[in-house]
Structures are given as C-alpha cells and as structure tokens.
Amino acid sequence: MRDKRLAKIKKWILLSVISVGLVCMAVNYLKSQKPDEKGGGGIWSFLGAAATRQIQKTYFLLPAYLEEGKEDGNPVRLAQEILLGRMPIYSYAMEYGGQEQTEDGSMAEIIMRQEGTDEDNKNIEESHLDYGKDALHIENSMLEEMQRENRTHTGQEEAPAQQEDVQEPQDTQEPAQEEIAVPEGFLKPEEPSYTYDWSEDWGYNELVSNFYAIDNTTLLKEEYMNLDSLLYSDLSVNQDAEGPQILIYHTHSQEAFADSVLGDKSTTIVGAGEYLAQLLEQEYGFKVLHHTGEYDVEGRDYAYNNSLPALEEILEQNPTIEVVIDLHRDAVREGQKLVMDLEGRPTARFMFFNGMSYLRKKGDISYLENPYIQENLAFSFQAQVAANEYYPGIARKIYLKAYRYNLHLRPRSMLIELGAQTNTVEEIRNACEPLAHIISIVLGG
C-alpha cells in the first residue's frame, strides 16, 4: 500500500515539474513579443511579466530571499517551509510518504509505543523470516559439537543434552512411562561442561553466527563486535557496598505462565523475579532490590515510558546499584515450549535481549540514545558464554532489536526473557537457579 502511494506521489511531482517547465516556456514566449507602436509591451508583454513575478514568488522564493541578504535563518528549514506552503504536492509527500525518512514528534511517539510491545515475539514464524524459525535457539549441530568436544576432553560418553522446544502430543495408546524422580535441590556445576577456545579467530561473522539473532528491524555494527571488549570487560560489582548492587524489575508485570493462578503474583513473572532475587542474595551474597511496580496494567503500549521515571528515582535514591535487570517472559506460538531437562528437572530456557537504539532503514534513534550499548552487549555476551559453558542448550541466542528498552540506565543493564507463556511455574522456578548462577559468574568477575 505504501509503495503504491509513493509511486503516485512521484508521478504527481513529475507532472508538476513538467507543468512548471511548460509555464516557463510560455512566459518566455510572451516576454519575447515586440513592443507595440506606442513603445509599451502590449497586453502580451504585461501578462508575461506578471506571470514571471508570480512564478518567482512561488518557486524561487528561497534564492530571492538569500539574494536580499536575509541569511539569519536555516536555509534548509526555510526551503522546506516555503515548499510546504507553495507546493501542496510536496506537503502531501512529506506528510504521507516520508515517515521512513523523518524523525518528528509523531514518529517518535510511534517508535516509543512500538518499543512497549514488540520485544515479545508473538509471531515468531513471521517476524524472524531472515533467520528462520529456530534462529533464537542454539542450533542442534552446535550443541552436539559442544557435547562431542566435551566427551573428547573428559573421556566420558555422555548423551547430548535434550531439547524439548516443541512438545508433541502423546499417543494415549502407549503405556505410561514412570515419572522421573525430581531432585529436591539444585546442584550447580563446579566446572564448565564445555569451554570455548578463544585463541581461534573470532571475527564478526563467527561471533554473530554463534551468539546472536538479529531482528530485521536493526543492524549490528561491526564496531561492537570486538572480542576483547565483549569477553574481557570487567563487569564485577562491589559486593561490599552497604546498599543494593542489583535492581530487578518488570516492565511487563502482568506476564503469566501456563498454570499461573489468577490474582496470585507469586505465580507470575513478578514471583519469578522475587525468587531470582532471593537466590542472588542467599546463595551468592549480592544485595538485591526487587521493584514490583506495575506499568502495563491498562496496556503495554507505553510501558517503557511509564516505568522510566520510577526507575530513575530508584537509582537516584540507591546510588550503589550497578546492575539493572528487566525480567520478562517471552511469547511463542501455542504448541511450542521452551524447556529442557536439567538434572532430571524440567527447566525453562531463557534468552538475553539487547536493544540497539538503531533502525535498519533510519540509523541511530537520536531520542532513544543509549551511551552504554557496548557495555550492555558485553554483559549479555559474558552471560551467554557462561550459560553455554555450564548449561549447554539452556540459553537461546542473544536477540537484538531496534529500540532502547530502558537499557541506558546503567552500563550493566540487561533484559531477560525467562521462558514463555507455555511454560509452567515449576519450569520457570527451576530456571531461576541456573540463571542466578550465570549472573553470579559474570558479576563475580
């Protein structure tokens, strides 16, 4: 629809230019008529002069303005104002055909509204066509290779970690299998089960193909893909600080799971945030502030805008906070389930998410500036590496999208998609334990 509208606009602009050219030719002809016997220009010369003045006033106002020495304004802006006033077709083109090229207030509002709704990947098959429906997940081939290398190093013959992204219906005619005993406690691994070889050549293409899924709304600049900056940035925090070091909050506090209980926040993403905060405090010694403010009750459109003032106030009142985590759950198509078996327990898989403040077609989004993009990327990259090494298959690829998502508040800012709406509360709670361990690895230095 938009392409057809732009084609019509171009057609009318071309016709307008041709019309102006024909008028100018007619005027030149009129002005070239010989004077009458009384020495005057005659009616034709008079009409030609009048038409010339009108054309100059309409189409050549800016050059005349500059010739008169009135250069105190912005010529580009002046030209735009003149054309908008004098050429209705140009005004129409600017209003309806230029939304991809302008960054006015209305476009900013559209982007901010879109930012509030689009990090959930509801139409996963349509929105990730550039990367395939499985682009968000660690590829089976890569996972198998990690497991194969691990068996080679350790001399053990382990079965590859199971992935259960899509739960197929069970044949009710088959005999029921015995239930797997669920261990009471989570046993975090002391050593990684896989180790990357960082001495290899990890260029832009290698880093992107192994660690990232890039949404088609944005681009990942090559300047950000420096292995030293991503892997060796010191992200450790001062655990001796008297105040909180980590803030956990939820832009979308209303997100729930397959068996959440209506009215019971402990069974929603807020409950998951509370459990994650407890683990980070009790198991790893961090001081955590869990903010449970609700910013999406009436709708998600402006949730990021709504939450920003409260977050800024929290950070001003708690200057010791170095880490900001926005905890969400993803949205996937029904029938898909982000779950794996971990130590005999069904465990939701999760995804680290970065906003790039950069639109593929428009470039940098000036009114969603984030000076900490490199640090944000280092945070998610180190977390992804820790996840892949200690819990292969639990982390989907780092997802990059165009907007900012309030990740500009601190250098160590992260958005996490913990499972999806098809996961159970048990699977989500089970995932909080390896997630807390991964965060502690990164923030512990």
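The values are calculated or read from the model by the stated rules, or taken from the named source; none is laboratory data. Please read these numbers as outputs of a predicted model, since none were measured by experiment. Here the Cβ is made from the backbone with ideal geometry for all residues, glycine too, and neighbour counts use every protein chain on show. Heads up: the accessible areas ignore ligands, DNA and RNA and are worked out on the full protein's heavy atoms, side chains in. Shrake-Rupley method; radii C 1.70, N 1.55, O 1.52, S 1.80 Å.
Among the protein heavy atoms of segment 199-268, carbon and sulfur supply 44% of the accessible surface, probe 1.4 Å, non-protein parts ignored.
Placing unit charges on each Cβ (+1 for Lys and Arg, -1 for Asp and Glu) gives segment 210-274 a dipole about its Cα centre, and among LEU219, LEU230, LEU262 the Cα reaching farthest toward its positive end belongs to LEU262.
Length gained on full extension, ASP301 to GLU369: 22.5 nm, using 0.36 nm per residue less the C-alpha separation. With a threshold of 29 Å on the Cα-Cα distance, the over-threshold entries among LYS11/LYS361; LYS11/LYS362; LYS188/LYS397; LYS337/LYS362; LYS265/LYS287; LYS188/LYS401 are LYS337/LYS362; LYS188/LYS401. The stretch between GLN254 and GLU283 holds 7.7 nm of extra length on full extension. This uses 0.36 nm per residue minus the Cα-Cα distance. A dipole drawn for segment 328-445 from +1 and -1 charges on Cβ atoms has a positive end, and of ALA348, TYR405, ALA420 the residue lying farthest that way is TYR405.
Rounded to the nearest 20 Debye, what is the dipole magnitude of segment 377-432 about its Cα centre when Lys and Arg each give +1 and Asp and Glu each give -1 at the C-beta? Intermediate values should be presented prior to the final figure.
Working: 7 positive and 4 negative charges, 69 e Å.
Taking the Cα centre of segment 377-432 as origin, the dipole is about 320 debye.
Would you mind pulling out the separation of the Cα centroids of segment 404-421 and segment 350-401, in Å? So the two Cα centres are separated by 9 Å.
Pop the C-beta distance of GLU206 and GLU312 into the FRET formula with R0 = 56 Å and round what comes out to the nearest 0.05.
Numbers: r = 38 Å, r/R0 = 0.68.
Once the sixth-power term is evaluated, E becomes 0.90.
Under a 1.4 Å probe, what is the accessible area of segment 298-356 per residue, stated in Å²?
Details: 2040 Å² over 59 residues.
For segment 298-356, the solvent-accessible area averages 35 Å² per residue.
Taking every DSSP beta bridge that has both ends in segment 291-413, the antiparallel portion is near 50%. Solvent exposure of MET356, expressed as accessible area, is near 10 Å², computed with a probe of 1.4 Å over the protein chains only. In this label model, TRP198 and GLU426 are separated by 3.9 nm, measuring between points 7 Å along each Cα→Cβ vector. Calculated accessible area for segment 183-286 comes out at 51 Å² per residue, all protein chains present (probe 1.4 Å; ligands, DNA, RNA ignored).
Annotation for SER266 and GLU242: the two label points, set 7 Å from Cα along the Cα-Cβ direction, are 3.4 nm apart.
For segment 320-394, with all protein chains present and a 1.4 Å probe, just round the carbon and sulfur fraction of the accessible area to a whole percent. Answer for segment 320-394: carbon and sulfur cover 46 percent of the accessible area.
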